[in-house]
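Enquirer: Please see the structure below; I have some questions.
The values are calculated or read from the model by the stated rules, or taken from the named source; none is laboratory data. Everything numeric in this text was worked out from a predicted model, so none of it was measured. Glycine gets a Cβ as well: all are built from the backbone with ideal geometry, and neighbour counts include every protein chain shown.
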Amino acid sequence: MKEVNLTILENKKVGLDTYLMRLSGDVSEITRPGQFSELKLEHYYLRRPLSNHDVKENEISFLYKVLGLGTKSLASYPVGMVIPTLVGLGNGFDTSKANRPLLIGGGIGIAPLYHLAKVLVKEGKKPLIILGFKNKDEVIYEEEFAKFGKVYVTTDDGSYGYKGNPVSFLKENQLDFDYYYACGPQVMLKYLSLAFPNGEVSLEARMGCGFGACMGCSIETTSGPKRVCKEGPVFVSSEVKL
């Protein structure tokens, strides 16, 4: 973990209430896909945790959805603004466990899977990718993920792609994978873990400190309480009690 000053290079709308923010600065503390950062927003006491969407040398990006006053404020930040940020937080995905990886994202949960897909491809693996959304209007990043592997899109109402959610799609279609990585709504991760225990899930929780001191984001696991910000946000699917 390290606190750095990141400078906004771009902050643009890329979908329905969804924004992509690119920033420059020292991101050398980030060692694995699936980790997160905490941004210090003006006029807010607690930092805002965001999953790392993409990481390059001296550059990081966040894909985020405007859901409250904090993210609404973030969407208004101009190019050139400096944001004090804690980087290198949390436990990321273990890419060594998959030879034939499957990536499963629900809604804005697709955000950390982009960096993961890049790393997997760099390791010589070709992931399959399922992206789930509520409807056609919310579908984003299909083309961007298609650079890394075969993409399947699901929508709850069937207005685009498969009608249903990623879990029902996976149950109805025999995909060739030996390990999965997932991020999305808790209900999706719950039923995914019950049906397919051989994988990892990235969880979301309200956080106080973001580095394990306050215990505010603890969840129940098969081996007792664990902190989403410290032992997580990535957990083995069979370990979590959702």
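Enquirer: Restricting to region 4-31, name every residue that is polar (S, T, N, Q) and not in a strand (DSSP E or B).
Expert: Those that are polar (S, T, N, Q) and not in a strand (DSSP E or B): Ser28, Thr31.
Enquirer: While we're on this one: Tyr114 is checked against (1) surrounded by 22 or more Cβ atoms within 10 Å (Cβ to Cβ); (2) touching a Ser or Thr at 6+ places or on another chain (Cβ under 8 Å); (3) over 15 Å from Gly199 (Cβ atoms) and fails just one. What number does that condition carry?
Expert: (2)
Enquirer: Is it the case, given these coordinates, that Val151 is surrounded by fewer than 22 Cβ atoms within 10 Å (Cβ to Cβ) and touching an Asp or Glu at 6+ places or on another chain (Cβ under 7 Å)?
Expert: Spelling it out, Val151 is indeed surrounded by fewer than 22 Cβ atoms within 10 Å (Cβ to Cβ) and touching an Asp or Glu at 6+ places or on another chain (Cβ under 7 Å).
Enquirer: Restricting attention to region 66-86, does a residue exist that is more than 16 Å from the chain's Cα centre (by Cα), under 28 Å from Ser168 (Cβ atoms), buried (at least 17 other Cβ atoms within 10 Å of the Cβ) and touching a residue at least 24 places away in the same chain (Cβ under 8 Å)?
Expert: No, region 66-86 has no match at all.
Enquirer: Here is a follow-up. Ser51 passes all but one of (1) at pLDDT below 95; (2) touching a helix residue (DSSP H, G or I) at 6+ places or on another chain (Cβ under 6 Å); (3) hydroxyl-bearing (Ser, Thr, Tyr); which number fails?
Expert: Against the list (1) at pLDDT below 95; (2) touching a helix residue (DSSP H, G or I) at 6+ places or on another chain (Cβ under 6 Å); (3) hydroxyl-bearing (Ser, Thr, Tyr), Ser51 comes up short only on (1).
Enquirer: Do you know which residues across region 108-130 are in contact with a Pro (Cβ under 8 Å, 6 or more places away or on another chain) and either in a strand (DSSP E or B) or closer than 19 Å to Lys12 by Cβ (or both)?
Expert: Answer for region 108-130, where residues must be in contact with a Pro (Cβ under 8 Å, 6 or more places away or on another chain) and either in a strand (DSSP E or B) or closer than 19 Å to Lys12 by Cβ (or both): His115, Leu128, Ile130.
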